[in-house]
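Please read the structure below before turning to the comments.
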Amino acid sequence: MAKLSTAGGPPASHAIEHLADVVNADQALVHRGRFIDLQWLWQIGDVPYFIGIQRGMILELVRGPVLMRSHEFAIRGAQENWERFWTPMPRPGFHDLFAMTKSGRASIDGNLQPLMANLRYFKEVLAAPRKLAEDGHHG
Amino acid sequence: MAELEPIVGRYMNLEIGGRSCRIYFEEAGSGIPLLCLHTAGADGRQFRHLMLDPAITDRYRVIAFDLPWHGKSLPWEGYEVEDYALTTDFYTAAIMGVANALELDRPVIMGCSMGGRIVLHLAHAHADDLRAVIGLEAADHQQPWYDTEWLNRPDVHGGEVCAAMISGLVAPQSPDRYRWETLWGYLSSGPGVFRGDLHFYRADSDFRDRVHLIDTTRCPVFLLTGEYDFSCTPADTLRTAKDIPGVEAEIMEDLGHFPMSENPEKFREYILPVLDRVARLK
């Protein structure tokens, strides 16, 4: 069983370490993202992660900051908020990206078109670490 | 022979707000008329579980209709050059038009989300024509949480983005089968329809100035909101309830914005006691 954070979900370091494995092993998710080829930024607390996606697979994940690295869009939130978001049965307000943005717990910026055109894909990538808490996957 | 459900669907032709409309409705049960209003961007299928529940249909004639542009109700002639935008006036005319066409005697009107918003208006404007109203995920006003322009533009698939925007309004406890059935309504909605409904919801239905005028001795009001609804939040509903003397409001655990379709079993725990109360009203 994977170690859990005090918030209930996997610790951020564990979630990020195994993100590519969990996403790339999900054939339906990769298929859904087969037209996606871009870099986006996931900011977890003070740490930005640059995530490179090609044909729906996470092929690069670089811990920042990295000087002058560009990205299409960014999704940002405090570490504790993401760890609460990743619990298998999150509490109201921590259960969805837009529940978090409406309450100011997360924010989105940049060119939103590729995010909105593939919204289900990216919401499932954000939620993928829930599987680590559920079944100790890669734990 | 296949097992047939007791739900029966028919069409009516009705003039609403000067438009010729062909309206689809379905119903089951007999007794007190219970007219159900679907959420924005969806259709009356959301109420199918209520129509299959003998604890309800033994006492209630449950009816759900699709607004024009929704479900099996066609958009009106000339839609191809029009930007659909629902208004309070048209919505009211559609609901009361259907109730009158079916000769419903003082129906109970139950609406969800934008349907929950309009019943607050009806409780005031048509108090004596109604037995009671039930607002699911209802408030007199709520804060917007995204730009509706994303819902209908050529470089984003409308059905996919509508469903992905609202998917988090379904509670995490809701069974996958019903979660995805609920989302299918959004995945399959017509272009710009959800956005057009939100015109009513966001721009033409701020009822904060009038809910205090509702007289619950003439038209009782019941409000039920799911704890996972971050669109119409429990706080929005409870704030609205404060301004309506005599209202009954309850927050539903483990439910989101689509209680009747996302988790019918759980919703029964909350709606059956309300329908018991309503059945005892004069």
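The values are calculated or read from the model by the stated rules, or taken from the named source; none is laboratory data. All values derive from a computational prediction rather than experimental measurement. Methodologically, a virtual Cβ is constructed for each residue, glycine included, from the backbone with ideal geometry; neighbour enumeration extends over all protein chains shown. What goes into the accessible areas is simple: the full protein's heavy atoms, side chains included, and nothing from ligands, DNA or RNA. Shrake-Rupley method; radii C 1.70, N 1.55, O 1.52, S 1.80 Å.
Close Cβ contacts (under 9 Å, 6 or more residues apart or on different chains) running from residues in the stretch A:98-116 that are more than 8 Å from chain B (Cβ to nearest Cβ) and over 21 Å from A:Asp46 (Cα atoms) to residues that are in a helix (DSSP H, G or I) and open to solvent by less than 20 Å² (accessible area, probe 1.4 Å) comprise A:Pro114/A:Phe122; A:Leu115/A:Phe122.
Are any of the residues in the stretch B:109-124 at pLDDT 95 or above, among the hydrophobic types (A, V, I, L, M, F, W, C) and surrounded by fewer than 21 Cβ atoms within 10 Å (Cβ to Cβ)? No: zero hits. I'd like the residue in the stretch A:101-139 that is at pLDDT 95 or above and touching a Ser or Thr at 6+ places or on another chain (Cβ under 9 Å) and, out of all such residues, is nearest to A:His18 (Cα to Cα). Among them, the one singled out is A:Arg130. Of the residues making up the stretch A:117-134, those that are without any contact (Cβ under 8 Å) to a residue 60 or more places away in the chain and within 11 Å of A:Gly9 (Cα to Cα) number 2.
Looking across the stretch B:198-211 at every residue that is of a type in the set (A, V, I, L, M) and closer than 26 Å to B:Val161 by Cβ, the one that is nearest to the chain's Cα centre (by Cα) is identified as B:Leu198. Quick one: in the stretch A:85-111, of everything that is assigned to a loop (DSSP other than H, G, I, E, B) and within 14 Å of the chain's Cα centre (by Cα), which residue is surrounded by the fewest Cβ atoms within 10 Å (Cβ to Cβ)? Ranking the candidates gives A:Thr87 first. Taken together, the residues in the stretch B:33-63 that are surrounded by fewer than 17 Cβ atoms within 10 Å (Cβ to Cβ) and in a strand (DSSP E or B) amount to 0. Considering only residues that are open to solvent by less than 10 Å² (accessible area, probe 1.4 Å), more than 12 Å from chain A (Cβ to nearest Cβ) and either aliphatic (A, V, I, L, M) or farther than 25 Å from A:Met89 by Cβ (or both), which ones fall in the stretch B:133-183? Those that are open to solvent by less than 10 Å² (accessible area, probe 1.4 Å), more than 12 Å from chain A (Cβ to nearest Cβ) and either aliphatic (A, V, I, L, M) or farther than 25 Å from A:Met89 by Cβ (or both): B:Val133, B:Ile134, B:Gly135, B:Leu136, B:Ala138, B:Ala139, B:Asp140. Selection within the stretch A:27-54: residues that are among the β-branched types (Val, Ile, Thr) and part of a strand (DSSP E or B). The member of this set that is surrounded by the fewest Cβ atoms within 10 Å (Cβ to Cβ) is A:Val47. Can you confirm whether A:Val62 is away from every other protein chain (no Cβ under 14 Å), open to solvent by less than 50 Å² (accessible area, probe 1.4 Å), free of Cβ contacts under 8 Å to residues at least 24 places away in the same chain and hydrophobic (A, V, I, L, M, F, W, C)? Considered against the rule, which asks whether it is away from every other protein chain (no Cβ under 14 Å), open to solvent by less than 50 Å² (accessible area, probe 1.4 Å), free of Cβ contacts under 8 Å to residues at least 24 places away in the same chain and hydrophobic (A, V, I, L, M, F, W, C), A:Val62 comes out as yes. Looking only at the stretch B:184-197, how many residues end up being surrounded by 20 or more Cβ atoms within 10 Å (Cβ to Cβ) and either within 12 Å of B:Gly135 (Cβ to Cβ) or under 17 Å from the mean Cα position of the chain (by Cα) (or both)? Here the count works out to 8.
All of B:Ile23, B:Ile95, B:Ile109 fail the test of being under 14 Å from the mean Cα position of the chain (by Cα), in a strand (DSSP E or B) and at negative phi, apart from B:Ile109.
Just give me the residues in the stretch A:81-113 being aromatic (Phe, Trp, Tyr) and touching a Leu at 6+ places or on another chain (Cβ under 9 Å), in sequence order. First the steps, then the outcome.
Keep residues of the stretch A:81-113 that are aromatic (Phe, Trp, Tyr), which gives A:82, A:85-86, A:94, A:98.
Listed by number, the residues that qualify are A:Trp82, A:Phe85, A:Trp86, A:Phe98.
One residue is enough: does the stretch B:217-231 have a residue meeting the conditions surrounded by fewer than 17 Cβ atoms within 10 Å (Cβ to Cβ), of a type outside the set (A, V, I, L, M, F, W, C) and in contact (Cβ under 8 Å) with a residue 12 or more places away in the chain? Yes - at least one qualifying residue is present in the stretch B:217-231. Cβ-Cβ contacts under 7 Å between residues 6 or more apart (or on different chains), taken from a first residue in the stretch B:148-169 that is at negative phi to a second residue that is acidic (Asp, Glu), are listed as B:Gly168/A:Asp96; B:Leu169/B:Asp229.
Which residue, of B:Ser73, B:Ser20, B:Ser30, is more than 21 Å from B:Val221 (Cβ to Cβ), touching a Lys or Arg at 6+ places or on another chain (Cβ under 7 Å) and open to solvent by 20 Å² or more (accessible area, probe 1.4 Å)? Please lay out each step first, then the result.
Details: B:Ser73 fails: open to solvent by 20 Å² or more (accessible area, probe 1.4 Å); B:Ser20 fails: touching a Lys or Arg at 6+ places or on another chain (Cβ under 7 Å).
Step by step, each of B:Ser73, B:Ser20, B:Ser30 is checked, and only B:Ser30 is more than 21 Å from B:Val221 (Cβ to Cβ), touching a Lys or Arg at 6+ places or on another chain (Cβ under 7 Å) and open to solvent by 20 Å² or more (accessible area, probe 1.4 Å).
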